[in-house]
Ligand code: PMP
């Protein structure tokens, strides 16, 4: 009930916040790009929550789809019944994702989708006579989810310190960060070295033991919207092919239109992954939903050996699939991929204007509406903001005061820097872009003063 007391105690707040943290505003409703709390305060959603609410809030067509599906069937166990919702969702997804990624294993979120992708690739290796391949190489920094397996392949030193012994440790190779480069390197030469590190890691592990390499084609929170140069993508694809290692793209944040293409992979057509993992924007936050996309050939090989030995109660959940199908319909009919490209380029221009006026913004990066601004103590030296100033929490709290909901968190204990994800809903208009950047400017002014 809305009359329940605010603050830590019951609810998720009991787990996830320091005991002395001030209470959060309580959500009442959402409307387009706005989130409105129970006291009537309005917050412009600059991040789509954790880069999920791609259609904004209170979307009438999605609400109508939820109502219609709820009247028919919400849940039927997929080993007993198939559903039209699952078939429509998977067919739309196959068409949008394109050849080689045309079969969708549907789950409840990003971590489950990553787990499913890894287990699928492993079973595929086993049934095709490559049982010696089991190692999954990830990147440092990188993030693929919070379950033990997904965290195991994530490059998050802090999480590994806490949970490390419970996760199988796998090799990690450096992500080709573009802002702070090693001495005497260009973005491109550094990226070449990072790709060479993958080649070396595969060789030193023994190529016959390496199953897959997992990376975000456009980075999320772990790297602050990292975009590697084209050569990196080409080299990674070549290295994986040469060693028989499957390339998995984690598109949990970057997929479903956010970067101005349906998949971020579509920006590098010559370097297609073997598997792509989607979640978040796939249901735009209207249902828990994720998918591992693989090829029909791989499914056939696994099915010939008895089928994928993996599943969850809520695989292909009927209601969630109906939401996913409605979201994909809307993404296509309202040309939200095109809008992400157009508004992304406008937003990027405005953020670059702001960066030229602000001593705090050292870098603006990303693709489409998957953008980030990196905050620095000194633009000349690129010095990071000292840890004790707890930049992300302060900026976030100031954002709320200015009616701007921001997504930022210090990842890897701040080892790589601090950034704000600027990832509004794909439905954003040009006027809303101006409003967002105006409020962000006010937040950063406040932060600096
Ligand atoms: N991969 C990436 C790139 C993500 O950003 C996230 C979520 N932040 C996940 C995986 C995990 O998704 P979920 O939280 O839905 O389990």
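The values are calculated or read from the model by the stated rules, or taken from the named source; none is laboratory data. On a predicted model such as this, the values are computed, not experimentally measured, just so you know. Please note: Cβ atoms are built from the backbone with ideal geometry, for glycine as well, and neighbour counts cover all protein chains shown.
Given the structure, is residue 190 in a loop (DSSP other than H, G, I, E, B) and surrounded by 17 or more Cβ atoms within 10 Å (Cβ to Cβ)? It is false that residue 190 is in a loop (DSSP other than H, G, I, E, B) and surrounded by 17 or more Cβ atoms within 10 Å (Cβ to Cβ). For the structure I just gave you, tell me whether residue 71 is surrounded by fewer than 18 Cβ atoms within 10 Å (Cβ to Cβ) and in a helix (DSSP H, G or I). Taking the combined requirement at face value, the residue satisfies it. Within region 227-247, the residues that satisfy the criterion of being within 16 Å of the ligand (Cβ to nearest atom) and free of Cβ contacts under 8 Å to residues at least 60 places away in the same chain are 228, 247. The residues of region 103-126 that are within 19 Å of the chain's Cα centre (by Cα) and part of a helix (DSSP H, G or I), listed by number, are 110, 111, 112, 113, 114, 115, 116, 117, 118.
Selection within region 344-372: residues that are part of a helix (DSSP H, G or I) and in contact with a helix residue (DSSP H, G or I) (Cβ under 6 Å, 6 or more places away or on another chain). The member of this set that is nearest to residue 433 (Cα to Cα) is 347.
Among the criteria (1) more than 13 Å from residue 100 (Cβ to Cβ); (2) in a loop (DSSP other than H, G, I, E, B), the one residue 291 does not fulfil is (2).
Matching residues to (1) away from the ligand (no atom under 16 Å from the Cβ); (2) assigned to a strand (DSSP E or B); (3) touching a strand residue (DSSP E or B) at 6+ places or on another chain (Cβ under 7 Å); (4) in contact (Cβ under 8 Å) with a residue 60 or more places away in the chain:
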| residue | (1), (2), (3), (4) |
| --- | --- |
| 249 | no, yes, yes, no |
| 254 | no, no, yes, yes |
| 260 | yes, no, yes, yes |
| 281 | no, no, no, yes |
| 297 | yes, no, no, no |
| 302 | yes, no, no, yes |
| 315 | no, no, yes, yes |
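Residue count for region 153-181, restricted to those that are away from the ligand (no atom under 11 Å from the Cβ) and touching a strand residue (DSSP E or B) at 6+ places or on another chain (Cβ under 8 Å): 10. Restricting 100, 129 to those that are out of contact with any helix residue (DSSP H, G or I) (no Cβ under 7 Å at 6 or more places or on another chain), surrounded by 16 or more Cβ atoms within 10 Å (Cβ to Cβ), not assigned by TED's automatic domain parsing to the domain that holds residue 395 and not in a helix (DSSP H, G or I) reduces the list to 100. Is it true that residue 78 is more than 22 Å from residue 284 (Cβ to Cβ), in contact (Cβ under 8 Å) with a residue 60 or more places away in the chain and more than 16 Å from the ligand (Cβ to nearest atom)? The answer is yes for residue 78. Run residue 135 past the list (1) in contact with a strand residue (DSSP E or B) (Cβ under 6 Å, 6 or more places away or on another chain); (2) within 16 Å of the ligand (Cβ to nearest atom) and report the number of the one that doesn't hold. Of the numbered conditions (1) in contact with a strand residue (DSSP E or B) (Cβ under 6 Å, 6 or more places away or on another chain); (2) within 16 Å of the ligand (Cβ to nearest atom), the odd one out for residue 135 is (2). Residue count for region 262-279 under the criterion of being within 14 Å of the ligand (Cβ to nearest atom), farther than 24 Å from residue 66 by Cβ and not in a helix (DSSP H, G or I): the result is 5. Restricting attention to region 46-57, the residues being under 17 Å from the mean Cα position of the chain (by Cα) and more than 16 Å from the ligand (Cβ to nearest atom) number 3. Hey, can you tell me all the residues within region 380-426 that are outside any strand (DSSP E or B), under 13 Å from residue 46 (Cα atoms) and within 18 Å of the chain's Cα centre (by Cα)? Listed by number, the residues that qualify are 406, 408, 423, 424, 425, 426.
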